[in-house]
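The values are calculated or read from the model by the stated rules, or taken from the named source; none is laboratory data. As the structure is a prediction and not an experimental result, all values here were calculated from the model. Please note: Cβ atoms are built from the backbone with ideal geometry, for glycine as well, and neighbour counts cover all protein chains shown.
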């Protein structure tokens, strides 16, 4: 399953990028969307920035998937962004959820908007190799991610654009 978003901000790409690479902001955003036990590290590597976020994420899996997805799942999200003042900023991310047989890989682009401001585009693909229920697991993860991405966008937009 693929999930695509295009988040629009009134601020320019440089201002948005500062938020997206600020550990305090990222922790506050994760808390706001329901995560717990959050640890964020941001490492500037010259022309790239690496973000590693460890957290526990809640899940309300339907009956048939509950044996695959616990109520709280420890996860590690790793993002690597190529820095480019003025944008576009290009990034890749992966999310590994402990004990859940689903992989998530994302491509991200933060660039100037056509009518000013900026746009953050995210495309994430969810896959699972579990026979019979793998497609349902990937779809559940994708649908859950849509809700989380929307909540993260609303939190971020409020912080950046007021």
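Observations on the structure shown:
- Under the condition of being touching a strand residue (DSSP E or B) at 6+ places or on another chain (Cβ under 8 Å) and either in a loop (DSSP other than H, G, I, E, B) or at pLDDT below 95 (or both), the residues counted in the stretch 105-130 number 5.
- Restricting the stretch 29-39 to residues that are under 13 Å from the mean Cα position of the chain (by Cα) and not in a loop (DSSP other than H, G, I, E, B), the residue that is surrounded by the fewest Cβ atoms within 10 Å (Cβ to Cβ) is 29.
- Pairs with Cβ under 6 Å, 6+ apart, first in the stretch 111-127 and more than 28 Å from residue 138 (Cβ to Cβ), second at pLDDT below 95: 111/87; 112/87
- Close pairs (6 angstrom Cβ cut-off, 6 or more residues apart or separate chains): at negative phi in the stretch 11-22, surrounded by fewer than 16 Cβ atoms within 10 Å (Cβ to Cβ) anywhere: 13/112
- Note on the stretch 40-52: residues that are exposed (fewer than 14 other Cβ atoms within 10 Å of the Cβ) and touching a helix residue (DSSP H, G or I) at 6+ places or on another chain (Cβ under 8 Å) total 1.
- Looking only at the stretch 1-28, and only at residues there that are crowded, with 16+ Cβ neighbours inside 10 Å and either under 13 Å from the mean Cα position of the chain (by Cα) or at pLDDT below 95 (or both), the one that is nearest to residue 114 (Cα to Cα): 7
- All conditions in (1) at pLDDT 90 or above; (2) in contact with a strand residue (DSSP E or B) (Cβ under 9 Å, 6 or more places away or on another chain); (3) over 18 Å from residue 4 (Cα atoms); (4) not in a strand (DSSP E or B) hold for residue 149, with the sole exception of (3).
- Residue under evaluation residue 154, criteria (1) without any contact (Cβ under 8 Å) to a residue 60 or more places away in the chain; (2) in a strand (DSSP E or B), criterion not met: (2)
- Members of the stretch 76-104 found to be under 16 Å from residue 54 (Cα atoms) and assigned to a loop (DSSP other than H, G, I, E, B), listed by number: 98, 99, 100
- Whichever residue in the stretch 53-67 is surrounded by 15 or more Cβ atoms within 10 Å (Cβ to Cβ) and part of a strand (DSSP E or B) and, among such residues, is farthest from the chain's Cα centre (by Cα): 56
- Restricting the stretch 84-94 to residues that are modelled with pLDDT under 95 and surrounded by 15 or more Cβ atoms within 10 Å (Cβ to Cβ) leaves a set whose member that is farthest from residue 33 (Cα to Cα) is 84.
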